[in-house]
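Peer 1: Structure provided below as structure tokens; questions to follow.
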Amino acid sequence: MKLLTIKSMLKKELKQMLRDAKMRMIIFVFPLIQLMVFSFALTMDVKNIDIAVLDYDKTVTTREITDRFQSGGYFIIKKYASSADELRMMLDRGDVRGAVVFAKGTEKKILSREMAEVQVIGDGTMSNDAGTIFSYASGVINLYNAEKNADMMTSEVTFQTRSLFNVNLLSRNYYVPGLIALMIMVTSMLLTSIAIVREKEIGTIEQVMVTPITRPEFIIGKTMPFMLTGLITSSMMFVMARIIFGITIKGSILLLYLIIIINILTYLGLALLVSASARTQQQALLTSFFLMMPSALLSGYMFPVNNMPTAVQYFTYLVPMRWGLEGIIGVVVKGATFHEMSKQLMWLCIHAVFFLTVASIKFKKTLE
Amino acid sequence: MNKTSFAVYAESITKKYKDVTAADNISLGVNEGEIYGLIGPDGAGKTTMLRIIAGILKPDSGSVYVCGHSCDTEHDAVKDSIAYMSQKFGLYPDLTVWENIKFYADLYGVEKHGLKEHIEDLLDFSYMRPFKKRQAGRLSGGMKQKLQLVCALVHKPEVLLLDEPTNGVDPVSRRDFWKILYKLVADGMTIVMSTAYLDEAERCSRIGLMNAGRVIAEGSPDEVVKNSGLNMLSVRCGNCRKASATLKKEFGADRVHAFGDKFRIFSADISADRKKLTEMSADFIVTDEIPVLEDIFMSMQKDMSADDRILSRVTDDIARRSGESLKVTGLTKKFGDFTAVNSINLTVPYGEIFGFLGPNGAGKSTTIKMLCGLLPPTSGSGRVGGMDVMKDAEKIKASIGYMSQKFSLYEDLKVYENIDFYGGIYGLKNAELERRRDWALELSGLRDRKNEMTSVLVGGWRQRLALACSILHKPSIVFLDEPTSGADPASRRLFWAIINELALHGVTVFVSTHYMEEAEYCDRLALIFRGEMIAMGRPDVLKSEMMRDNIIEVKVNRPQDYIEDLTAVRGVMDVSLFGAGLHLRTEDISAEEGIAGFFRERKISADVRKVLPSMEDVFVSMIEKADPEGKNV
């Protein structure tokens, strides 16, 4: 392997890449925009839920409980319904996503220390949201009960919950680093697979193939620029995450970059495989997409791996993004150490070695 | 001039790109039913003009009228009456011939009623019917061009605009293509075309000779030559290289041009110059020459000394080698069931120019790719530059240079960046890289433009830069796959002079070409057809030995009108267009009288005479012998 040859390839690739204004946008600006948009939009935290209140009782007590729903920050009382039918309409139209119904005589029951019932209705089409509504609502009611009964409560077992790592249970702290893991896959795979096929399409690859450049020289020269851009993009994204969302890297930065580098190597290998078989840029793009979609879905980013059927759980071992994601989340959110990440690192290495080997075998320096 | 009496009328068109003026106040009128050729060197503005007439490019000033409609105000009427075929590939390779035509018909909103019959007619008309179910991507180069033409014709236009339609098309398919054009014109179609082939230029009713964004001469090809006021002498001599220097010193570099084995000299005073020449050397055989279009091209090039400077540097640093450069036996390449190249044997010494001729898709490129290690042969053995073709493909690559048919430079890199890149992967550095970069810039004539983007280069410059990049490492064997395709005559000639220099220094040059006059410059030729080598030998031997038929040339007005009737004359085997006239292949010489009689009876003045077969005659007759039913063309 000659350093000069690789240097020439690198220089040429970088010049081509950076000269094209569109390419500069795709590499450096798009990931950041994605980070911004997705991070603000993608949130599992249910806040400011519009609800309606149907109060048949219309007493001081029911109004007090209604106020508590309002002031908690989770609910906004958007409408007051006067009948069950009207309430039904509001829910059907989607004006509100939930409702609280007080039956007649609620106050009386509470004052006489009888069992009073408050009905909470949730829009079940968004099952996740409905669940959250119920748990928030019962929280509101529990708190009310606890205060009212404080004087006469003697002993009762209560929960003291504490969330580890992500103290405020902000889903953003998980989604933002996860998104960075996703963007690393998308940019490095797409750009690399297109870059080689583009030379096939234009015909320049023939001229390069006929020089004494060796296969490893060509592969390294052709892929390393994208390793570089991958690192630059992810670094920029981490800086943005820090500035805008206040997400800090809890663990070692060195370990983080080690994980990212091995992960990118895997994607470069995959992209090489794609470009060895594709003849046009479209083919390369589509093949990459079909590989990335299941990767993203099975990585655990959107659906926790533990919730998947056992067979599928085993299958996720073969998904490179799973290990990149777990590694990045581990270091950034949990501050995991090298030792704690050993399983992820092992799998990352297995993937990288496997894909790079297969790719360099499949990638021929001839034209067939 | 009355705008409406012309099929196409362009009025003081000006178009500027940044600092280049592609069209400088051009006015031209094309009559109904004529073939108007835009001829000129690379970058003269031909494509720009065609695009402006087609309405896909807006001129900075001036206006265009097509069939009396203004391109500015009656856009739709103009769109309906023209068809434009660009140099770019405009077909969908995954669709069949029929589907492609149908798609264009739908695009133009051709009426559904009778459409099927119309397409069938077009298929018959272009001899494409047998291929209507074939995918466009799998057609040969010549057929793709024909299909593009059919697609352009589907909405029954009145004016057809063609931008170098026969680039990279072999002679047999080119003849076919022209037969179609003549039929269209006979039906009243007006054709405006640009071409890099001068024999095609001679077939045009009128030509507009363009240079640097201006039309410098207009008229029939004969008129243009006559009005050029050029007088020519040609000199044949023993030692050409020595004579070249003497002649250029005496007459000035821009007046002396090497042309095959002789020099053509532009002369201001024929008799004085003839006298001077005969006094200069007893070896010189001096003859008067009638100028041809190519001479006009050469006279348009101002600075010929640049060419000399380029040629003097071609072989810088190249080590001379002798002996056998390449020997292969039984070289075969199969793609699945399809045999692309069948058992080719070749032995070529250093310093030979070896030409590959053959129709599109015959296997020329595949052969070249196998020889330079790009495609592993299916079977066969041999050595290239002393290395085994089967085992040492990678080692071969260090000692050969290859210029592919496709454009092999990076358009988004600057000129010098391309050189540095290829230099780098060939392992050149520091002082050596500097020296070779300097050399490459000199060879391509781009010293002052080294910071320009490669994408802006046209024709000859592009090709010379690609050549320079492919021989930066001083290889002793060079493979050039259709290197001059689409370049203008002057740059083609310079390119061949470079090839010649290389060969003189012991470099073996393999070259494939569709220009038959270029085939004459080769030391030996191989004719490849359907993967087989059907003939091989020196050009003159091929012409005299392999071509046993007689060739009768007929020069007559509107030669296309007589093709069919002449075929019926006794003893005539084949009639085909050749330059501005016809070539008839006959069984024996007695047919000449019958042909002359044919024109006498009809009281048509025609010049009929026996000629030596040209390379094109050889090519066509060989192909026809190998493929009597014409399945492959």
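The values are calculated or read from the model by the stated rules, or taken from the named source; none is laboratory data. All figures in this text were calculated on a predicted structure; none of them were measured in a lab. Here the Cβ positions follow ideal geometry from the backbone for every residue, glycine too, while neighbour counts run over all protein chains shown.
Peer 1: Mind listing whichever residues of region A:201-239 are of a type in the set (Lys, Arg) and within 10 Å of chain B (Cβ to nearest Cβ)?
Peer 2: A:215
Peer 1: If you scan region B:64-110, which residues turn out to be on the phi > 0 side of the Ramachandran plot and surrounded by fewer than 18 Cβ atoms within 10 Å (Cβ to Cβ)?
Peer 2: B:68, B:109
Peer 1: Mind checking which residues of region B:218-238 are without any contact (Cβ under 8 Å) to a residue 24 or more places away in the chain and either crowded, with 17+ Cβ neighbours inside 10 Å or among the charged types (D, E, K, R) (or both)?
Peer 2: If the condition is that a residue be without any contact (Cβ under 8 Å) to a residue 24 or more places away in the chain and either crowded, with 17+ Cβ neighbours inside 10 Å or among the charged types (D, E, K, R) (or both), then B:222, B:223, B:226 are the ones that fit.
Peer 1: Given the criterion more than 25 Å from the chain's Cα centre (by Cα), surrounded by fewer than 21 Cβ atoms within 10 Å (Cβ to Cβ), closer than 25 Å to residue A:1 by Cα and more than 10 Å from chain A (Cβ to nearest Cβ), identify the matching residue among B:447, B:435.
Peer 2: B:435
Peer 1: If only one of B:381, B:455, B:399 is hydroxyl-bearing (Ser, Thr, Tyr), surrounded by fewer than 24 Cβ atoms within 10 Å (Cβ to Cβ) and more than 13 Å from every other protein chain (Cβ to nearest Cβ), which one is it?
Peer 2: After ruling out the rest, the residue left standing is B:381.
Peer 1: Can you pull out every residue in region A:5-63 that is of a type in the set (D, E, K, R), in a helix (DSSP H, G or I) and away from chain B (no Cβ under 14 Å)?
Peer 2: A:63
Peer 1: Given (1) over 29 Å from residue A:197 (Cα atoms); (2) among the small types (Gly, Ala, Ser); (3) touching a residue at least 12 places away in the same chain (Cβ under 8 Å), identify the lone condition not met by residue A:360.
Peer 2: Answer for residue A:360: the failing condition is (1).
Peer 1: What do you reckon, is residue B:346 at pLDDT 90 or above, facing chain A (nearest Cβ under 8 Å), touching a strand residue (DSSP E or B) at 6+ places or on another chain (Cβ under 8 Å) and surrounded by fewer than 22 Cβ atoms within 10 Å (Cβ to Cβ)?
Peer 2: Against the criterion (at pLDDT 90 or above, facing chain A (nearest Cβ under 8 Å), touching a strand residue (DSSP E or B) at 6+ places or on another chain (Cβ under 8 Å) and surrounded by fewer than 22 Cβ atoms within 10 Å (Cβ to Cβ)), residue B:346 does not qualify.
Peer 1: Filter region B:410-426 for residues that are more than 15 Å from residue B:438 (Cα to Cα) and within 7 Å of another protein chain (Cβ to nearest Cβ) and give the result.
Peer 2: Within region B:410-426, B:410, B:412, B:413, B:425, B:426 qualify.
Peer 1: Just give me the residues in region B:467-524 being over 19 Å from residue B:615 (Cβ atoms), of a type in the set (S, T, N, Q) and either outside the structural domain of residue B:410 (by TED's automatic domain parsing) or within 14 Å of the chain's Cα centre (by Cα) (or both), in sequence order.
Peer 2: Within region B:467-524, B:491 is the sole residue that qualifies.
Peer 1: Can you give me the number of residues within region A:67-87 that are in a helix (DSSP H, G or I), among the hydrophobic types (A, V, I, L, M, F, W, C) and out of contact with any Leu (no Cβ under 8 Å at 6 or more places or on another chain)?
Peer 2: Total satisfying the criteria: 1.
Peer 1: Report the residue count in region B:541-562 for those that are assigned to a helix (DSSP H, G or I), in contact with a strand residue (DSSP E or B) (Cβ under 8 Å, 6 or more places away or on another chain) and either touching a residue at least 40 places away in the same chain (Cβ under 8 Å) or crowded, with 18+ Cβ neighbours inside 10 Å (or both).
Peer 2: Count: 5.
Peer 1: Going by what's in this entry, would residue B:368 be described as within 23 Å of the chain's Cα centre (by Cα) and surrounded by fewer than 21 Cβ atoms within 10 Å (Cβ to Cβ)?
Peer 2: Against the criterion (within 23 Å of the chain's Cα centre (by Cα) and surrounded by fewer than 21 Cβ atoms within 10 Å (Cβ to Cβ)), residue B:368 does not qualify.
Peer 1: Given the conditions (1) in contact with a strand residue (DSSP E or B) (Cβ under 6 Å, 6 or more places away or on another chain); (2) in contact (Cβ under 8 Å) with a residue 40 or more places away in the chain; (3) among the β-branched types (Val, Ile, Thr), and given that residue B:396 satisfies all but one, which numbered condition is not satisfied?
Peer 2: The single condition residue B:396 does not satisfy is (2).
Peer 1: What are the residue pairs meeting all of these: first residue in region B:271-291, first residue free of Cβ contacts under 8 Å to residues at least 60 places away in the same chain, second residue of a type in the set (S, T, N, Q) and not in a loop (DSSP other than H, G, I, E, B), Cβ atoms under 6 Å, and 6 or more apart or on different chains?
Peer 2: Pairs that qualify, where the first residue is free of Cβ contacts under 8 Å to residues at least 60 places away in the same chain and the partner is of a type in the set (S, T, N, Q) and not in a loop (DSSP other than H, G, I, E, B), are B:286/B:278; B:287/B:234; B:289/B:234.
Peer 1: Next question. Could you tell me which numbered condition residue B:309 fails, if it satisfies all but one of (1) under 21 Å from residue B:435 (Cα atoms); (2) more than 10 Å from every other protein chain (Cβ to nearest Cβ); (3) surrounded by 18 or more Cβ atoms within 10 Å (Cβ to Cβ)?
Peer 2: Going through (1) under 21 Å from residue B:435 (Cα atoms); (2) more than 10 Å from every other protein chain (Cβ to nearest Cβ); (3) surrounded by 18 or more Cβ atoms within 10 Å (Cβ to Cβ) one by one, residue B:309 breaks only (3).
Peer 1: So, one more: Going by what's in this entry, would residue A:337 be described as outside any helix (DSSP H, G or I), in contact (Cβ under 8 Å) with a residue 24 or more places away in the chain, touching a Gly at 6+ places or on another chain (Cβ under 9 Å) and among the hydroxyl-bearing types (Ser, Thr, Tyr)?
Peer 2: Here the answer is yes, as residue A:337 does meet what is asked.
Peer 1: Something else about it: Which condition number does residue B:201 fail, the rest of (1) farther than 20 Å from residue B:90 by Cα; (2) modelled with pLDDT under 90; (3) part of a helix (DSSP H, G or I) being met?
Peer 2: All conditions are met except number (2).
Peer 1: Tell me yes or no: at least one residue of region B:58-68 is closer than 19 Å to residue B:190 by Cα and assigned to a loop (DSSP other than H, G, I, E, B).
Peer 2: yes
Peer 1: Would you tally the residues in region B:154-181 being aliphatic (A, V, I, L, M), surrounded by fewer than 22 Cβ atoms within 10 Å (Cβ to Cβ) and in contact with a Leu (Cβ under 6 Å, 6 or more places away or on another chain)?
Peer 2: Going through region B:154-181 one residue at a time, the tally reaches 0.
Peer 1: Within region B:437-459, is there a residue that is without any contact (Cβ under 8 Å) to a residue 40 or more places away in the chain, among the β-branched types (Val, Ile, Thr) and in a loop (DSSP other than H, G, I, E, B)?
Peer 2: Among the residues of region B:437-459, not one is without any contact (Cβ under 8 Å) to a residue 40 or more places away in the chain, among the β-branched types (Val, Ile, Thr) and in a loop (DSSP other than H, G, I, E, B), which makes the answer no.
Peer 1: Please name all residue pairs, on different chains or six or more residues apart, with Cβ atoms under 6 Å, provided the first residue is in region B:353-372 and is farther than 21 Å from residue B:617 by Cβ and the second residue is assigned to a loop (DSSP other than H, G, I, E, B) and charged (D, E, K, R).
Peer 2: Partner pairs satisfying both residue conditions: B:353/B:523.
Peer 1: Moving on to the next point. Please enumerate the residues belonging to region B:6-49 that are acidic (Asp, Glu) and out of contact with any helix residue (DSSP H, G or I) (no Cβ under 6 Å at 6 or more places or on another chain).
Peer 2: B:11, B:19, B:24, B:32, B:34
Listed here are the residues, each with its yes/no results for (1) among the acidic types (Asp, Glu); (2) modelled with pLDDT of 90 or more; (3) part of a helix (DSSP H, G or I).
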residue	(1), (2), (3)
B:475	no, yes, no
B:478	no, yes, no
B:485	no, no, no
B:492	no, no, yes
B:497	no, no, yes
B:501	yes, no, yes
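Peer 1: Restricting to region B:268-292, give me the number of residues that are within 26 Å of residue B:518 (Cα to Cα) and either crowded, with 16+ Cβ neighbours inside 10 Å or in contact with a Phe, Trp or Tyr (Cβ under 6 Å, 6 or more places away or on another chain) (or both).
Peer 2: The total comes to 5.
Peer 1: Residues A:288, A:252: which one is over 30 Å from residue B:384 (Cα atoms), surrounded by 23 or more Cβ atoms within 10 Å (Cβ to Cβ) and away from every other protein chain (no Cβ under 14 Å)?
Peer 2: Of A:288, A:252, the one residue that is over 30 Å from residue B:384 (Cα atoms), surrounded by 23 or more Cβ atoms within 10 Å (Cβ to Cβ) and away from every other protein chain (no Cβ under 14 Å) is A:288.
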